[in-house]
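The values are calculated or read from the model by the stated rules, or taken from the named source; none is laboratory data. Keep in mind the model is a prediction, meaning the values are calculated, not measured. Cβ coordinates were reconstructed from backbone atoms using ideal geometry, including for glycine residues, and neighbour counts include every protein chain displayed.
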Amino acid sequence: MEFYAVIDTNVLLSALLSKKEDAATVKVLDAVFDGTIIPLYHPSILAEYNDVLHREKFHLQECMIRKVIEAIRQFGVEIFPQPTGAVRIDMDDLIFYEVAMEKRDDDAYLVTGNQKHYPFRDFIVTPAEMIAIIQAAGTI
């Protein structure tokens, strides 16, 4: 089974910085690479990934950043959502929400470590919740 998901930048960053292979963020990123999660993205989302992951304070290797962003572009689906008119605490997060909303008919999720930045909705989940959803479906 495949799951559509918008992956918040904080999830990717946590996965790349994690020392634990069994961390939920790492499992989410692994699910992208194995095709269980089909990432949904917009050019603005890719730009944010690129900007944040290249910040010097994180000391991430260029080859790893490229590998992750290219996997999202290659295995994902580019979405150009209709504006929802929603207002977010951090308006930079709006595009993540709107992309997920655009694919709600396909049961798309928004996976984030910052749920407080979004309204309470059942499709906005933490990395651990996303992994539980995948496991409940018998996919992993």
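Brief remarks follow.
- The stretch 11-50 - residue that is among the aromatic types (Phe, Trp, Tyr) and out of contact with any strand residue (DSSP E or B) (no Cβ under 8 Å at 6 or more places or on another chain) and, of those, surrounded by the fewest Cβ atoms within 10 Å (Cβ to Cβ): Phe33
- Out of Gly113, Gly76, Gly138, sole residue that is touching a residue at least 12 places away in the same chain (Cβ under 8 Å) and touching a Ser or Thr at 6+ places or on another chain (Cβ under 9 Å): Gly113
- Glu70 being among the acidic types (Asp, Glu) and over 17 Å from Asp8 (Cβ atoms): yes
- With respect to the conditions (1) assigned to a helix (DSSP H, G or I); (2) out of contact with any Phe, Trp or Tyr (no Cβ under 9 Å at 6 or more places or on another chain); (3) farther than 18 Å from Glu48 by Cβ, Ile133 falls short on a single one, namely (2).
- For the stretch 84-104, the condition of being modelled with pLDDT under 95, assigned to a loop (DSSP other than H, G, I, E, B), under 20 Å from Ala5 (Cα atoms) and touching an Asp or Glu at 6+ places or on another chain (Cβ under 8 Å) holds for at least one residue.
- Residue within the stretch 52-63 that is of a type outside the set (D, E, K, R) and under 16 Å from Tyr4 (Cβ atoms) present: no
- Residue within the stretch 73-84 that is among the acidic types (Asp, Glu), at negative phi and surrounded by fewer than 11 Cβ atoms within 10 Å (Cβ to Cβ) present: no
- Residue identified as outside any helix (DSSP H, G or I), under 16 Å from Ile69 (Cα atoms) and in contact (Cβ under 8 Å) with a residue 12 or more places away in the chain among Leu40, Leu16: Leu40
- Yes/no for Leu110 being of a type in the set (A, V, I, L, M, F, W, C), surrounded by 13 or more Cβ atoms within 10 Å (Cβ to Cβ) and assigned to a loop (DSSP other than H, G, I, E, B): no
- In the stretch 51-68, the residues that are surrounded by fewer than 17 Cβ atoms within 10 Å (Cβ to Cβ) and either among the hydrophobic types (A, V, I, L, M, F, W, C) or outside any helix (DSSP H, G or I) (or both): Val52, His54, Arg55, Phe58, His59, Gln61, Cys63, Met64
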